[in-house]
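Trainee: Mind having a look at this structure? Questions to follow.
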Amino acid sequence: MIVVLFLVFFVLNAPLDAELERGALSSVVALRANFICNRIPGLTPRQRSICRKRPNAIVTIGEGVQLGINECQYQFRNNRWNCSSSGAENTMFGHTHKVGSREAAFTYAITSAGVTYSITQACSLGKLKRCSCDQSKKKSKVLNEGWKWGGCSADIKHGLKFSRKFLDAREIEQNARSLMNKHNNRAGRKAVKENMGTECKCHGVSGSCTTKTCWTTLPPFRKIGDHLLRKYKKGKLVVPMVGGRNRRPVYLTLKRSRLSHTKPRRSDIVYLQKSPNYCDYDASVGSLGTVGRKCNRTSSGTDGCDLMCCGRGYNTHQYTKTWQCNCKFHWCCYVQCNKCSERTEEYACK
Ligand SMILES: *[C@@H]1O[C@H](CO)[C@@H](O)[C@H](O)[C@H]1NC(C)=O
Ligand SMILES: *[C@@H]1O[C@H](CO)[C@@H](O)[C@H](O)[C@H]1NC(C)=O
């Protein structure tokens with residue numbers, strides 16, 4: 001992942017000879033696009049074609065994937081599954097979850113949210129050619145209750161559309177798993193949409209706010225991560241329903257209501273298989289195990305040594321922590337500190 005991103009950055013940001021003529025320039029850009037798009041591992045033909053048409057957007061998509069993975073690792077830092085086992089960081093757009101677990105579901109949703117977010121943000125910042133601020137908001141000059149749209153509204157519609165086009169282009173197999181992936185991709189996009197905010201600026205004599213100008217904004221990505229974690233906790237087990245002439249899976253229904261054929265909600269995170277307990281290493285189910293994981297001896301939560309180490313016990317590592325403390329500012333101009341130290345212990349699973 002890092003290597004691929006680096007390659008993309010390197011190639012796209014390499015200084016261009018300003019003397020190049022326009023035609024030559026565009027063919028260089030096309031060549032570069034080809035070069036990059038042929039080298040990113042795991043793209044489907046459809047994704048490769050999108051990549052060639054919009055090479056700049058690929059960099060943004062890569063950033064979005066990374067944003068999603070970083071948030072996933074933050075949200076699951078205290079759990080046995082810590083988002084590393086996904087292997088998602090090793091391939092740019094190809095997840096390696098073989099099992100359709102709840103964790104795989106979360107990975108897809110947060111990645112899709114990350115891509116939606118990054119594209120929308122890049123549009124607002126003028127980094128991409130085919131989009132900018134939401135023009136539809138700018139045109140509507142309607143003043144209702146003393147406010148109007150103005151400034152730069154984030155073009156979430158473009159972000160949603162492009163994220164769907166690119167990520168759903170992976171799901172070419174008509175099977176239960178691709179239905180699951182597409183559903184979770186959508187749940188991720190929806191999480192961004194639902195958390196959009198509005199900011200306003202007052203105009204009027206000495207800030208009296210007789211009129212306001214407002215624009216839609218992206219929330220901090222953490223808010224989307226928190227939202228998706230709640231959805232993960234309430235994740236829904238689903239089963240595929242087959243249909244059509246060749247009896248292929250065509251949609252998903254909640255397993256609990258097999259008879260009534262209730263579909264999950266669009267915002268639900270859905271999964272097809274129960275998760276392993278992630279205690280032991282088992283690559284075939286995407287479990288790295290918890291040997292060597294840090295744990296908290298006094299916590300009764302998932303970060304506690306009992307749960308984290310699955311009853312195997314833990315090793316204690318003692319060390320002395322030192323830091324600068326009681327710093328005082330002396331006139332003028334130096335700072336004097338004491339050195340403080342404390343014996344601490346760290347625990348890691350056996
Ligand atoms: C997650 O857990 C694995 C396996 O114990 C460990 O190797 C890895 O460093 C952890 N990753 C993070 C981001 O904490
Ligand atoms: C360990 O857990 C306890 C109880 O939940 C908490 O008060 C403490 O801050 C935790 N320690 C560390 C190092 O996270």
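Trainee: How many residues are open to solvent by 90 Å² or more (accessible area, probe 1.4 Å) and away from ligand 1 (no atom under 16 Å from the Cβ) if we restrict to the range 271-295?
Mentor: Qualifying residue count, the range 271-295: 1.
Trainee: Assuming Q66 fulfils every condition listed in (1) modelled with pLDDT under 95; (2) open to solvent by less than 10 Å² (accessible area, probe 1.4 Å); (3) within 14 Å of the chain's Cα centre (by Cα) apart from one, which condition is it?
Mentor: (2)
Trainee: Still on this structure, please answer the following. Output the number of residues of the range 296-314 satisfying the condition of being outside any loop (DSSP other than H, G, I, E, B), in contact with a Cys (Cβ under 6 Å, 6 or more places away or on another chain) and open to solvent by 80 Å² or more (accessible area, probe 1.4 Å).
Mentor: 0
Trainee: What's the total number of residues in the range 196-237 that are in a helix (DSSP H, G or I), among the aliphatic types (A, V, I, L, M) and under 21 Å from P264 (Cβ atoms)?
Mentor: The total comes to 3.
Trainee: Considering the range 281-295 alone, what residues qualify as being of a type outside the set (A, V, I, L, M, F, W, C) and in contact (Cβ under 8 Å) with a residue 12 or more places away in the chain?
Mentor: The answer is S284, G286, S287, T290, G292, R293, K294.
Trainee: May I ask you to say which residue of R177, R164, R189, R170 is closer than 30 Å to R46 by Cα, open to solvent by less than 30 Å² (accessible area, probe 1.4 Å) and touching a residue at least 12 places away in the same chain (Cβ under 8 Å)?
Mentor: R189 is the lone residue from the list that is closer than 30 Å to R46 by Cα, open to solvent by less than 30 Å² (accessible area, probe 1.4 Å) and touching a residue at least 12 places away in the same chain (Cβ under 8 Å).
Trainee: Are any of the residues in the range 284-295 farther than 19 Å from C83 by Cβ, away from ligand 2 (no atom under 16 Å from the Cβ) and assigned to a strand (DSSP E or B)? Before you say what the answer is, go through the steps one by one.
Mentor: Filtering the range 284-295 down to residues farther than 19 Å from C83 by Cβ leaves none.
Checking the range 284-295: not a single residue is farther than 19 Å from C83 by Cβ, away from ligand 2 (no atom under 16 Å from the Cβ) and assigned to a strand (DSSP E or B).
Trainee: Against the definition (open to solvent by 10 Å² or more (accessible area, probe 1.4 Å), charged (D, E, K, R) and within 18 Å of the chain's Cα centre (by Cα)), how does K138 come out, yes or no?
Mentor: Taking the combined requirement at face value, the residue does not satisfy it.
Trainee: Could I ask something else about it? Across the range 315-350, what is the number of residues that are surrounded by 10 or more Cβ atoms within 10 Å (Cβ to Cβ) and assigned to a loop (DSSP other than H, G, I, E, B)?
Mentor: 1
Trainee: Take the residues in the range 255-280 that are among the hydrophobic types (A, V, I, L, M, F, W, C) and at pLDDT 95 or above; name whichever of them is farthest from G100 (Cα to Cα).
Mentor: Filtering the range 255-280 for residues that are among the hydrophobic types (A, V, I, L, M, F, W, C) and at pLDDT 95 or above, the one farthest from G100 (Cα to Cα) comes out as C279.
The values are calculated or read from the model by the stated rules, or taken from the named source; none is laboratory data. What you see is a predicted model, and the numbers here were worked out from it, not measured in a lab. A quick note on method: Cβ atoms are made from the backbone with ideal geometry, for glycine too, and the neighbour counts reach across all protein chains shown. The protein model used for the area step is the full one, side chains on, heavy atoms only, and it has no ligands, DNA or RNA in it. Shrake-Rupley method; radii C 1.70, N 1.55, O 1.52, S 1.80 Å.
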